[in-house]
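Notes to accompany the following structure.
The values are calculated or read from the model by the stated rules, or taken from the named source; none is laboratory data. From a predicted model like this one, the values you see are computed outputs, not experimental measurements. All Cβ positions, even for glycine, are placed from backbone atoms using ideal geometry, and neighbour counts span all protein chains on display.
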Amino acid sequence: MNDHFHVLNDAYRSLLSRTSPSKMSSHELASSMFTCVCELTPDASSGSQHQDQSRDPLTFSEYSQNPNGTELACLVLTLVEKISTKLTSQQLSQETSLYFKDVSTVLFQDMDFMSKLVHLVRCKDRLLSHLAAKSVSSYVIFELHCFNTVNQIWKWKCLQVLQNPCSGNELDACTWSLTTVLKAVLKETSEYKPGTLEKLLATFDPAVTSAYSQLVPVERAGHGDSASYPSNNTADWATTLSNLLDLLEVLTASRFKLSTTSVCFTSSRLALVQASALLRIVDSHVDYFVKKRVLLLLKRILLQKAGEDMALGEASSLTHGDDHMTSDILALADDVLRAVHADWLQCVPVESAAIFFGGTGQLRGGSSDEFDHVMLRAVSLVVLNQRGVQLKQGSHSCCWVSLVFGEQDDDMMEAAKALLLIYLHHRVTSDLDADAACVVGGNPHCHFLFLLRSISFDHSILLDFLISTETCFLEYFVRYLKHLRDDWEGVRTVCQKMDGSDRCKLSWKISQKNDKLLDNLREELQQSLCVSRGSVSTSSHHGGSVTIVDPEPAQCLQPSLCLPSGSANTLASPPPLRLVDYGSSEESETEDGDLPSVLTQDRLHSNSVIHTHNSNTFDRMVMCLTELRVVVTRLQRRSLFPYNATSLLKLLTQIEAKRCSSRR
């Protein structure tokens, strides 16, 4: 065994240095690798368990001088994976590449090494099974890239396992392997022959669809019962479902990638047309991190970001997809809203502290009473992004958007945009007024004003948002400015009620330990998006909880209910640090031509009070937008703005004109 170990070690070191081993031929290396795998006893390949699972199989020096057969097999599998990866990426010199191509040819064509590898995939040793899956996948990718052929042994094995899925290492390895191969093709589509992705999807479409229907709980056993799985080992199912979710995301991303064609596979539509099954996972007896992954997957699909975390590139717009895209989006909306009306939100777990990587420990320095903002943002956006959400009566506060999404700019902008679209739709179809929107926390004027308050009316931060490509702020901002221009009296009314809110006798309680925090928050979301009525809402800000109690339910239409505690202090707080100080350069001097004369006088008059708590919210909003228009105009004039802002500047100018005309 020592001889084999030294041979493998020398080959691995040569591969890392991009040279070929000088002491052995390619056939000798292949024979040594084949022997190490074939000499595994049945016990070793079916039930061997490592005492120390934390060891890195890639670190050869950590193995003993007399490694056992399983360890040698792990070294071989690692070497096979590295050889295939290097050959696919064409990182080797011609001489070295020819040497290791010969090794692969001898192994996989002359010695039928693929059959041995797919046999190892089913072993109970998780490390050995996973390394076998990595070796198989890397060689399949190599064949696809260089020869445009799908390995038949690998294809047959994956089809067999997916058509008759049973939780365990074999299913996990096959699901992971198929996901890895699809990801590789999606990442570098141009590097493969046209049609490669479609050929893979067509091959596995029936099997994946069958596996999904068998692995995901389609129906509940009875009313009020949680979905369950036919296994007592929840850890096995957690791994199985996690791999399945990864596969669903890659399939959905592939659908977006192929959206310009008429091809649409059933497996690529599963996450949309059968979302009800995914929603039931949240109400099942699986680990918390799996439930979170379900909601994060649905969130990424709705935001057209499927595969983004896997570096699969930008997705095509959902509104310009294949022929089934519109109907599938409606099906997803129906599933989500049907679940919400069936009290599904009551079943959504939100841990008291965020759990990372499936562990149970808390983040160092974190409070045990802080709830999981990631989970809350995910479930909120999943519900909010459904266009068919109907506004119902029920007490709510508009500040919930800032409180829930305040720590994540991109999610907050997505939520604000979704709520704005919902409001505009219902204002046209059902003559919805601003007071009714405030009842359910959906008044877009409130959302925008809370955003301005959170940044102390600092126009430079709005400029940062406009320039950044990480959020949808530009799209949201343009839509809101059009609404602001057309609903001038509406925003004035909201500002007046906000200014007078400090005189309202509301009871605000701030507590660091609120045992009912999560239940109240779920109840509030239920009230917002379903049919419940109530007057209590709970959320969190800066690590604490805020309970808003309306002592007079008859006055719940007033936007003053939307305000968090200490609003006066919020207005008086110093502005946050800016990413860029746009007024620090010589080129940023004030240009008199940028401001209308009336507003210039306004600014000179209000400079002394503009940052005090006595300032008028409406005036501060207009002044912030005016200052933003000045900076954007200056940058556009000097060709320093990243895109054509003519339409944006026109809207901002119209807002200023509205302000001027209202003062006459």
Inset, instruction - Residues being without any contact (Cβ under 8 Å) to a residue 12 or more places away in the chain and either β-branched (V, I, T) or assigned to a loop (DSSP other than H, G, I, E, B) (or both): count how many of those fall in the stretch 642-664. - result: 4
Inset, instruction - Given the conditions (1) of a type outside the set (D, E); (2) within 15 Å of V250 (Cβ to Cβ); (3) touching a residue at least 60 places away in the same chain (Cβ under 8 Å), report the number of the one that A211 does not fulfil. - result: (3)
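This table checks each residue for (1) more than 20 Å from the chain's Cα centre (by Cα); (2) in a loop (DSSP other than H, G, I, E, B); (3) modelled with pLDDT of 55 or more.
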| site | (1), (2), (3) |
| --- | --- |
| S368 | yes, yes, no |
| R377 | no, no, yes |
| V382 | no, no, yes |
| K392 | yes, yes, no |
| L419 | no, no, yes |
| H425 | yes, no, yes |
Inset, instruction - Looking at (1) at pLDDT 75 or above; (2) assigned to a helix (DSSP H, G or I), find the lone condition where V404 falls short. - result: (1)
Legend entry - Condition check for F448: assigned to a loop (DSSP other than H, G, I, E, B), of a type in the set (A, V, I, L, M, F, W, C), under 23 Å from V632 (Cα atoms) and not assigned by TED's automatic domain parsing to the domain that holds E627: no
Inset, instruction - Show the residue pairs that are 6+ apart or on different chains and have beta-carbon atoms under 6 Å apart, the first residue being within the stretch 98-120 and more than 13 Å from E81 (Cβ to Cβ), the second being outside any helix (DSSP H, G or I). - result: Y99/S20
Inset, instruction - Evaluate the stretch 40-60: report whether one residue or more is crowded, with 20+ Cβ neighbours inside 10 Å, of a type in the set (G, A, S), in contact with a helix residue (DSSP H, G or I) (Cβ under 9 Å, 6 or more places away or on another chain) and modelled with pLDDT of 90 or more. - result: no
Inset, instruction - Say whether the condition of being part of a loop (DSSP other than H, G, I, E, B), among the acidic types (D, E), out of contact with any Lys or Arg (no Cβ under 6 Å at 6 or more places or on another chain) and not assigned by TED's automatic domain parsing to the domain that holds L120 is met by at least one residue in the stretch 175-188. - result: yes
